[in-house]
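First up is the structure itself, then whatever we jot down about it.
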Amino acid sequence: MTATVRQPRGWWNAPFWARGFRPFFFLAGLWGCVAPIAWVAMVAGRVPAPVWLAPSAWHAHEMLFGWVAAAVAGFLLTSVPVWTATAPVTGRPLAGVAALWVAGRLAMLAAGALPAIVVAVIDVSFLPVLVLCLVRPLATAGQRRNWGFVPILLALCAANAVMHAEVLSIAGPHASVALRFAIAVVVLLIVVVGGRITPAFTRNAFVRRGIEAAIRTRPWIDRLSIALVALLPAVELSVPRTCWSGAAELAAALAVGGRMLGWQTLRTGRDPLLWSLHAGYAWVAIGLGLVGAADLSLAVPSTAGLHALTAGAMGSMILAVMTRVGLGHTGRPLVAPRGVAVAYGMVHLGAFARVGTAFLPNIGTPALAVAAMLWAGAFGLFLVLYVSVLLGPRIDARAD
């Protein structure tokens, strides 16, 4: 069982600071709603972009190192204590980590007014602090299986640092390389975590409902898919946008898709909490396939695959995980609240629309606005539906 920690009475003992998923899923929902709208406003010239970042670069940075980082922090700060049976980060320390994330977002918005070095220090420091929060429980439990999250987070931190180094004239113009590298790293995280929880949650749900359908996982294809996806960050650094990268991405897409063959995906349609996980994982195969086709010059725009991986895989998988974890870790039944399926539909429609704009570049800013509004609306609806879940206490008798 997970160790519990007594907090001092008062505001720091409020349920909101009892587990990492509470503040960080709230922040991820908020930023997932606000950041796309801010980006469209920058593209349309209604809001000035930070001086040293074009709107597209700011948008990519904030989605990867802001929004994704918040969701990952909420998941790992909640799951690692469960996996390791150690005390979670709660109360004031958790609030401090969340405040550092918020400070990074404010610093990025004020990048034109603050010295670049100040922006860099504030923004880059979040992921190393998150790593420090995870190292102690991992070391205490001695679980080799979960140590892989540490280099993944440090790789993301390095990519973020490279973007700031370019602004500080420490490094050359490598921002686009850093962003593609970061996308590959996050995709690896989805393949590792999604490949672990999706078949497990599906099996558990089938058992609860008396559905006789075997969930088959094959260790050899599990390892192959992870190994091929783990190669992609190195591919992005060594042979990006070549036939070699295209072949590696297509191979990874086939392995990721093949991994799902035993997961009984077609039998999850009546349970939004399940099919959303399967759909999010499927976006990975689609995105890798599109990126690989583009690198092989098969008449596919390069941005199509990148947005399939970001707006599609990251958007849908993160929303699926947040909605399920929010229920499970507050003692609620694993039944999708009314309206959650609408949020899932909006995030997928937004992703399809964003991928579509890559194939139809002449449709311009209005189409981008529609895609952004759908996607942002999904996370806005998540906040509406889950604010009481994230702020309130568990509804069972267990300690949070």
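None of the figures in this text is laboratory data; all of them are computed from the coordinates on show. The structure presented is a predicted model; accordingly, all values stated were derived computationally and were not measured. Here the Cβ positions follow ideal geometry from the backbone for every residue, glycine too, while neighbour counts run over all protein chains shown.
According to the Kirkwood relation over distinct C-alpha pairs, the hydrodynamic radius of the range 1-173 is 17.0 Å. Summing Lys and Arg as +1 and Asp and Glu as -1 over all other residues whose Cβ lies under 10 Å from the Cβ of Leu334 gives a net charge of +2. Apply the a/c threshold of 1.5 to the C-alpha gyration tensor of the chain and tell me whether it is rounded, prolate or oblate. Rounded shape, in that the Cα axes give a/c under 1.5. Net charge dipole, the range 1-173: roughly 680 debye, given to the nearest 20, about the Cα centre with Cβ charges of +1 for Lys and Arg and -1 for Asp and Glu. Compute the Cα gyration tensor for the range 190-393, then decide on rounded, prolate or oblate, letting a ≥ b ≥ c be the square roots of its eigenvalues: rounded whenever a/c is under 1.5, prolate when a/b is larger than b/c in the other cases, and oblate in all that remain. Oblate.
Take the Cβ atoms of Arg216 and Arg332, set R0 to 30 Å, and the FRET efficiency comes out at 0.50.
FRET efficiency for the Ala227 to Ala141 pair, using the beta carbon distance and R₀ = 22 Å, is estimated at 0.35. Alpha-carbon geometry of the range 28-106: the Rg and the Dmax are 15.4, 50 Å, given in that order.
Estimated at 0.36 nm per residue, the fully extended path between Val387 and Val342 surpasses their Cα-Cα distance by 14.5 nm. Computed about its Cα centre, the charge dipole of the chain is approximately 1300 debye, with only Lys, Arg, Asp and Glu carrying charge at their Cβ. Straightening the chain between Ala99 and Leu298 buys 67.1 nm, computed as 0.36 nm per residue apart minus the Cα-Cα spacing. Seen from Ala255, the other residues with C-beta closer than 13 Å to its C-beta sum to a net charge of +1, counting Lys and Arg as +1 and Asp and Glu as -1.
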